[in-house]
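Only one structure is covered here, and it is reproduced in the block below.
The values are calculated or read from the model by the stated rules, or taken from the named source; none is laboratory data. Values in this document were obtained by computation on a predicted structure and should not be read as measured data. When we count neighbours, we look across all protein chains shown, and the Cβ atoms used for this are built from the backbone with ideal geometry, even at glycine. Please note that ligands, DNA and RNA were not included when accessible areas were found on the heavy atoms of the full protein model with its side chains. Shrake-Rupley method; radii C 1.70, N 1.55, O 1.52, S 1.80 Å.
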Amino acid sequence: MDLKLSGKVAIVTGASIGVGRAIARSLAQEGARLAIVARGRERLEAVADALAAEGFERPLVLACDITQPDTPSVVRAAVLEAFGSADILVNNAGGSRPFEGLGTARQWEDAMALNFHAARELTHALIDDMRARGFGRIVNITGGDEPVAINGAVPPNGATHIWAKALSRHVAKDSITINSIPPGRIH
């Protein structure tokens, strides 16, 4: 399938395993140039090596914790230095946070930091560059917002969906699309 992504620069967070790794591979198959982001350098390097072994351009590896305040500017600077632009951002990092009982204040803060604030901050770090070029694609991989138990990831999913809708109305005139995808349970 040709999704017209050849030469586009894509950033994928949470790209070291699972859905993020699969997204990175799919984007590489479509000809996108990649920056892959996650905390674990070893796993990221393995993803980059595997893609290069398949004949794709080796991704830029950015081992960092996206919940840290300086990470959005670090990722932006590294991607702009390596590629000159960022066309696509896939906010995939995050995950389920089931709590025993009601959860502590710290557990809720950590869940919001990872599953909402990190994606929002990284998006905000890149959006002005996308607006200036008149092109951008932002995809938020979230999860369901219908809780079956107390889980710290569910409220951030809802927050991401609402924020993405509001932001899309703000930047649509600049040919930037923003979508949130709740894939549900994944093997």
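Those residues that are open to solvent by 30 Å² or more (accessible area, probe 1.4 Å) and touching a residue at least 12 places away in the same chain (Cβ under 8 Å), I need them from the stretch 7-29; list them, please. Even if it seems obvious, please write down each step before you answer.
Step one: filter the stretch 7-29 for residues open to solvent by 30 Å² or more (accessible area, probe 1.4 Å), giving 7-8, 17-19, 21-23, 25-26, 29.
Result: 7, 8, 17, 18, 19, 21, 23, 25, 29.
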Selected residue (only one of 184, 158 is loosely packed, with under 13 Cβ neighbours inside 10 Å and either modelled with pLDDT of 95 or more or out of contact with any Leu (no Cβ under 6 Å at 6 or more places or on another chain) (or both)): 184
Looking only at the stretch 41-60, and only at residues there that are assigned to a loop (DSSP other than H, G, I, E, B) and in contact with a strand residue (DSSP E or B) (Cβ under 7 Å, 6 or more places away or on another chain), the one that is surrounded by the most Cβ atoms within 10 Å (Cβ to Cβ): 59
Neighbours by Cβ (under 8 Å, 6+ apart or cross-chain): first from the stretch 66-87, open to solvent by 60 Å² or more (accessible area, probe 1.4 Å); second of a type outside the set (Lys, Arg) and not in a helix (DSSP H, G or I): 74/62; 74/64; 76/86
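So which residues in the stretch 149-170 are out of contact with any strand residue (DSSP E or B) (no Cβ under 7 Å at 6 or more places or on another chain) and in a helix (DSSP H, G or I), if there are any at all? Steps first, please.
To start, the set of residues in the stretch 149-170 that are out of contact with any strand residue (DSSP E or B) (no Cβ under 7 Å at 6 or more places or on another chain) comprises 150, 152-159, 162-163, 165-166, 169-170.
Correct list: 154, 155, 156, 157, 158, 159, 162, 163, 165, 166, 169, 170.
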Filter result (touching a strand residue (DSSP E or B) at 6+ places or on another chain (Cβ under 6 Å) and of a type in the set (Gly, Ala, Ser)) within the stretch 112-148: 119, 136
Matching entry among 103, 144 (being more than 24 Å from residue 178 (Cβ to Cβ) and among the small types (Gly, Ala, Ser)): 103
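Just checking, which of 96, 16, 6 is of a type in the set (S, T, N, Q) and either more than 16 Å from the chain's Cα centre (by Cα) or outside any loop (DSSP other than H, G, I, E, B) (or both)? Working first, answer last.
Numbers: 96 fails: either more than 16 Å from the chain's Cα centre (by Cα) or outside any loop (DSSP other than H, G, I, E, B) (or both); 16 fails: either more than 16 Å from the chain's Cα centre (by Cα) or outside any loop (DSSP other than H, G, I, E, B) (or both).
The unique qualifying residue is 6.
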